[in-house]
Amino acid sequence: MDEACAIIRERVLGQMDLSRDMSDEEIEALIGETASSALQGSAFGLRERIRIERQVFNSLRKLDALQELIDDPEVSEVMVNGPQKIFYEKGGRVCAWNQGFASEEKMQDVIQQIVGRHNRVVNLSNPIVDTRLADGSRVNIVLSPIALDGSAITIRKFPKHPLDMEALICRGAISREAAELLALLVAARYSILVSGGTSSGKTTFLNALSQYIPEEERVITIEDSAELQIFGVKNLVRLETRNANMEGVMPVTIRDLIRTALRMRPDRILVGECRGAEAFDMLQALNTGHDGGLSTAHGNSATDILGRLEMMVLMGMELPLTAIRQQIASGIDLIVHLGRLSDKSRRVVEITEIDGMEGGEIRVHPLYRLAQTEDGWRLEAKDALLHTEKLAQAGLAEAYEEWRGRGEAHGLPQLSAHT
């Protein structure tokens, strides 16, 4: 089949009118005519012929061997380890794909097609790049010879219709009681950091949290590659970083965008992911009257992420550790930690409140923690919120008390009151 695809593709290229931009319909018609001629008398059935024509079209106008995986809504991740080694994740399981690129050169053509759509540059002098596809899927590319076995492409796909909190509840990712609490805290402008490992669902969860932002607020999102899908907010500004290129275009970093966002009269700033020196600028924003920020970061636990934040701040600014911890303790109100369990499910593992400083250390106060019971995993309530001032300022103190009452009525542990 690969040989037949190569023959038909070569013949189609020889017949294409390069003096003008041919439409997809014209290309498909030309492929059909060429295939009918080339495959006449062959042993290929109708199904194989349709597959051959689709592969030829994908190689000419789409992403070649990757296109079928991109089009499959059940595929969540595509991993390319060189021209002939392609893997994909579907239903939580990683499988090998039965197609590949004809050569490293053809794979390079697809790579340039991907990066060119969003004014990114990847070459030997800049061999690593983050970008996205037209549908918003996140793409990371590492060129050969940095990638020893051929250029590597990793594509993280996102659903066309992002999961809202109700969908996450139905999937068991979070309990309804905990989701209702987070809805109140987002509306009351608590600053929340979503932490977790790779592919734990941080971006999906941040999207779900954003549905509780009041629609009249002005929201600015800042990302390396635009992934967040914020709906229901009319006054929305989306900012994306830019790489430098050989033509003298200067880079625009997340740090640059955070500083710019502060001059854009934001009600909230959402940073897609903190992974370096930009953590300092994010904390500065949260500590200068811009409450209600949301962000994500990689970490192993709700307490581990505090140490990671300290290290990220030190990447950009030499400050005493006590001063950094004070900035974290006063800027971040809540950490929601996500995990991917052995059954491949993604769940909220812990919801922890930041409770100020004591003895030079940041105090943490668990509100919910995932526990294994006879009936499976359960997100168990541990204690009540210590700091309810923002709820009161937002006029949501009564709604919080009603939530607590419902929780006790449904059999949750009795929660002690704190002020």
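The values are calculated or read from the model by the stated rules, or taken from the named source; none is laboratory data. None of these values were measured; they are calculated from a predicted model. Glycine also receives a Cβ, built like all others from the backbone with ideal geometry; neighbour counts cover every protein chain displayed. Side chains are part of the model used for accessible areas, which takes the heavy atoms of the whole protein and leaves out ligands, DNA and RNA. Shrake-Rupley method; radii C 1.70, N 1.55, O 1.52, S 1.80 Å.
For this structure, a couple of remarks:
- Tallying residues that are in a strand (DSSP E or B), closer than 20 Å to Ser175 by Cβ and not basic (Lys, Arg) within the stretch 333-363 yields 12.
- A single entry from Ser125, Ser137 fulfils the requirement of being modelled with pLDDT under 85 and at negative phi: Ser125.
- Qualifying residues in the stretch 191-204 (those that are open to solvent by 10 Å² or more (accessible area, probe 1.4 Å) and touching a helix residue (DSSP H, G or I) at 6+ places or on another chain (Cβ under 9 Å)) - the one nearest to Gly289 (Cα to Cα): Thr204
- Flag if Glu227 is outside any strand (DSSP E or B) and open to solvent by 50 Å² or more (accessible area, probe 1.4 Å): no
- Odd one out for Glu318, checked against (1) part of a loop (DSSP other than H, G, I, E, B); (2) in contact with a strand residue (DSSP E or B) (Cβ under 9 Å, 6 or more places away or on another chain): (2)
- Which numbered condition Ala187 misses (of (1) open to solvent by 10 Å² or more (accessible area, probe 1.4 Å); (2) closer than 18 Å to Val271 by Cβ): (2)
- Candidate set from the stretch 297-315 (those that are assigned to a helix (DSSP H, G or I) and open to solvent by 10 Å² or more (accessible area, probe 1.4 Å)); member that is modelled with the lowest pLDDT: Met315
- Positions within the stretch 316-342 being among the hydroxyl-bearing types (Ser, Thr, Tyr) and at pLDDT below 90, in sequence order: Ser342
- From the list Leu283, Leu294, the one residue that fits, being touching a Ser or Thr at 6+ places or on another chain (Cβ under 8 Å) and surrounded by 22 or more Cβ atoms within 10 Å (Cβ to Cβ), is Leu294.
- When the stretch 133-159 is filtered for residues that are open to solvent by 20 Å² or more (accessible area, probe 1.4 Å) and touching a strand residue (DSSP E or B) at 6+ places or on another chain (Cβ under 8 Å), the ones remaining, listed by number, are Arg138, Asn140, Val142, Ile146, Asp149, Ala152, Thr154, Arg156, Lys157, Phe158.
- If you go through the stretch 169-184 and keep only what is surrounded by fewer than 20 Cβ atoms within 10 Å (Cβ to Cβ) and closer than 21 Å to Lys90 by Cβ, you end up with Cys170, Arg171, Gly172.
- Leading residue by the ranking (most open to solvent (accessible area, probe 1.4 Å)) among those in the stretch 30-47 that are in a loop (DSSP other than H, G, I, E, B) and of a type in the set (Gly, Ala, Ser): Ala43
- The listed residue being touching a strand residue (DSSP E or B) at 6+ places or on another chain (Cβ under 6 Å), open to solvent by 10 Å² or more (accessible area, probe 1.4 Å) and not hydroxyl-bearing (Ser, Thr, Tyr), out of Val233, Val249: Val233
Residues are listed down the side, and each one gets a yes or a no for (1) within 17 Å of Ala179 (Cα to Cα); (2) in contact with a Leu (Cβ under 9 Å, 6 or more places away or on another chain); (3) open to solvent by less than 80 Å² (accessible area, probe 1.4 Å):
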{"site": "Gln326", "(1), (2), (3)": "no, no, no"}
{"site": "Leu338", "(1), (2), (3)": "yes, no, yes"}
{"site": "Ile351", "(1), (2), (3)": "yes, yes, yes"}
{"site": "Val364", "(1), (2), (3)": "no, yes, yes"}
{"site": "Leu367", "(1), (2), (3)": "yes, yes, yes"}
{"site": "Arg378", "(1), (2), (3)": "yes, yes, no"}
{"site": "Leu385", "(1), (2), (3)": "yes, yes, yes"}
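- Test: Glu350 is out of contact with any Asp or Glu (no Cβ under 9 Å at 6 or more places or on another chain) and under 20 Å from Asn300 (Cβ atoms): yes
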